[in-house]
1. Which residues, counting only those in the stretch 235-258, are closer than 22 Å to residue 221 by Cα and surrounded by fewer than 18 Cβ atoms within 10 Å (Cβ to Cβ)?
2. How many of the residues making up the stretch 214-257 are part of a helix (DSSP H, G or I) and of a type outside the set (Ser, Thr, Tyr)?
3. Going by the structure shown, is residue 182 among the hydrophobic types (A, V, I, L, M, F, W, C) and without any contact (Cβ under 8 Å) to a residue 24 or more places away in the chain?
4. Kindly indicate whether residue 124 is crowded, with 17+ Cβ neighbours inside 10 Å, of a type outside the set (Asp, Glu), at pLDDT 95 or above and in the same structural domain as residue 43 (by TED's automatic domain parsing).
5. Assigned to a helix (DSSP H, G or I), crowded, with 21+ Cβ neighbours inside 10 Å and either without any contact (Cβ under 8 Å) to a residue 40 or more places away in the chain or not assigned by TED's automatic domain parsing to the domain that holds residue 156 (or both), is that true of residue 261?
6. Scan the stretch 159-174 and tell me whether some residue there is of a type in the set (A, V, I, L, M, F, W, C), surrounded by fewer than 22 Cβ atoms within 10 Å (Cβ to Cβ), farther than 19 Å from residue 324 by Cα and in contact with a helix residue (DSSP H, G or I) (Cβ under 6 Å, 6 or more places away or on another chain).
7. Only one of these is within 23 Å of residue 281 (Cβ to Cβ), in the same structural domain as residue 107 (by TED's automatic domain parsing) and more than 14 Å from the chain's Cα centre (by Cα): 236, 215, 188, 245. Name it.
8. Within 22 Å of residue 346 (Cα to Cα), in a helix (DSSP H, G or I) and either touching a strand residue (DSSP E or B) at 6+ places or on another chain (Cβ under 6 Å) or of a type in the set (Val, Ile, Thr) (or both), is that true of residue 146?
Amino acid sequence: MIAAFQTLLLLPVVGGSVFSLLTLWAARRFFRRPFAPNGFSPPVTILKPIYGLDKGLEDNLRSFCVQDYPELQIVMSVQRTDDPALPILRKLEGEYPDRVTLVIKPSEPVVNGKVQNLVNGLAAAKHDILIISDSDVRAKPDYVRNIVTPLHDPSVGYVCSMYRSVQADHWWEKLELLSMNADFLPSVVFSNETNAALFCTGATVAFRRDDLDAVGGMADLGDYLVEDYELGRRLVKLRRRYVVVPYIVDLLADYGSFRQWWNHQVYWDQNTWAANPVGFSLTILTRAVPFAALFWAVRGLDAVGLIVFALALTMRLSTARIFARDYLEDREGLRALWLLPLRDLIALLSWYVALTRRSFIWRGHRFGLTRDGRIVPREVSA
């Protein structure tokens, strides 16, 4: 019985170690694939849904205002007349009047708050090519040229770029950085290269307004927890292809406490579960280090258990280091690798909570969640 249990524990140890190697194979293929802007530069509207004062918000938004792009509109939309971000938005509107459109429309979140904000902003959009970009994104001046390039092909329905977490000031923010850069991104690259799963990374995605209308419009996505995945799924169903460009933008880690980060981690896992229940459930088989530690403990901390744990830990840290150094240029991640075993252990806990909890927290508001990944509408008092 004990021997069978030990063998069972080795499944995720071996599976996780092999998966780590496969992510490096996928990254080599993905990031070394030739890609460059082709001169395609139609008028573009960037939708920036904003709710609150994020870390580095002014610099984040300014990085889009100074894009090296000929005809660009940036719609910054807020849902509260007293939103603390408004002074920054008005300042940028004054500095870049030809680019910035400010939309203020009271609409406290009832279902998907981001979608409600996007619906408000979309009403002011001038152009057919749309980019959704979250408020915590910071981009280089050539971002727009890179992400719209594949839309030159009419068969492409949407385009995503990669993103990495940066500016992790606290230890729990470093856990977020590792979650993104050492776990999520390698999985995305692997899925993209193997077609293992469809995905649409909503932090930075470009598409056409006509295609959005053809799949029901923005408002029709409002009761989905994972509105970006649902948008991508519908566009693919419309026989459109998607492209992930080997271009990286930055997302600033911004969590005031460990509790805030934990709530976000569970929310992130709930998003993954809602988009791909089977795939998310099977991620337990990639958690090599926690199960290697358990294997060592079950064997009474003997030499064999120690060797298995040491090999699993070495494989995890080595592959994460190579991915961060060679493909993400992630110096912060390299310095934070000592926290990766802790992060992987916490990931097991958040995995379990995401499978069992039927509510989630977004921007301080709690919502109900159905078993098929839809949001239970929230009542908002006058």
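1. If we filter the stretch 235-258 for residues that are closer than 22 Å to residue 221 by Cα, which is where we start, we get 235-244.
Those that are closer than 22 Å to residue 221 by Cα and surrounded by fewer than 18 Cβ atoms within 10 Å (Cβ to Cβ): 236, 237, 238, 239, 241.
2. Residues of the stretch 214-257 that are part of a helix (DSSP H, G or I), as a first pass: 214, 219-221, 227-237.
Of the ones still in play, those that are also of a type outside the set (Ser, Thr, Tyr) are 214, 219-221, 227-228, 230-237.
Counting residues in the stretch 214-257 that are part of a helix (DSSP H, G or I) and of a type outside the set (Ser, Thr, Tyr) gives 14.
3. Details: among the hydrophobic types (A, V, I, L, M, F, W, C): yes; without any contact (Cβ under 8 Å) to a residue 24 or more places away in the chain: no.
Judged against the criteria, residue 182 is not a match.
4. Values: crowded, with 17+ Cβ neighbours inside 10 Å: no; of a type outside the set (Asp, Glu): yes; at pLDDT 95 or above: yes; in the same structural domain as residue 43 (by TED's automatic domain parsing): yes.
Criteria not met by residue 124.
5. Numbers: assigned to a helix (DSSP H, G or I): yes; crowded, with 21+ Cβ neighbours inside 10 Å: yes; either without any contact (Cβ under 8 Å) to a residue 40 or more places away in the chain or not assigned by TED's automatic domain parsing to the domain that holds residue 156 (or both): yes.
It is true that residue 261 is assigned to a helix (DSSP H, G or I), crowded, with 21+ Cβ neighbours inside 10 Å and either without any contact (Cβ under 8 Å) to a residue 40 or more places away in the chain or not assigned by TED's automatic domain parsing to the domain that holds residue 156 (or both).
6. Looking through the stretch 159-174, none of the residues is of a type in the set (A, V, I, L, M, F, W, C), surrounded by fewer than 22 Cβ atoms within 10 Å (Cβ to Cβ), farther than 19 Å from residue 324 by Cα and in contact with a helix residue (DSSP H, G or I) (Cβ under 6 Å, 6 or more places away or on another chain).
7. Working: 215 fails: within 23 Å of residue 281 (Cβ to Cβ); 188 fails: more than 14 Å from the chain's Cα centre (by Cα); 245 fails: within 23 Å of residue 281 (Cβ to Cβ).
Within the list 236, 215, 188, 245, the selection yields 236.
8. Details: within 22 Å of residue 346 (Cα to Cα): no; in a helix (DSSP H, G or I): yes; either touching a strand residue (DSSP E or B) at 6+ places or on another chain (Cβ under 6 Å) or of a type in the set (Val, Ile, Thr) (or both): yes.
Criteria not met by residue 146.
The values are calculated or read from the model by the stated rules, or taken from the named source; none is laboratory data. It should be emphasised that the depicted structure is a prediction, and the values quoted were computed from it without experimental measurement. Don't worry about glycine lacking a Cβ; one is built from the backbone with ideal geometry, like all the others, and counts go over all protein chains shown.
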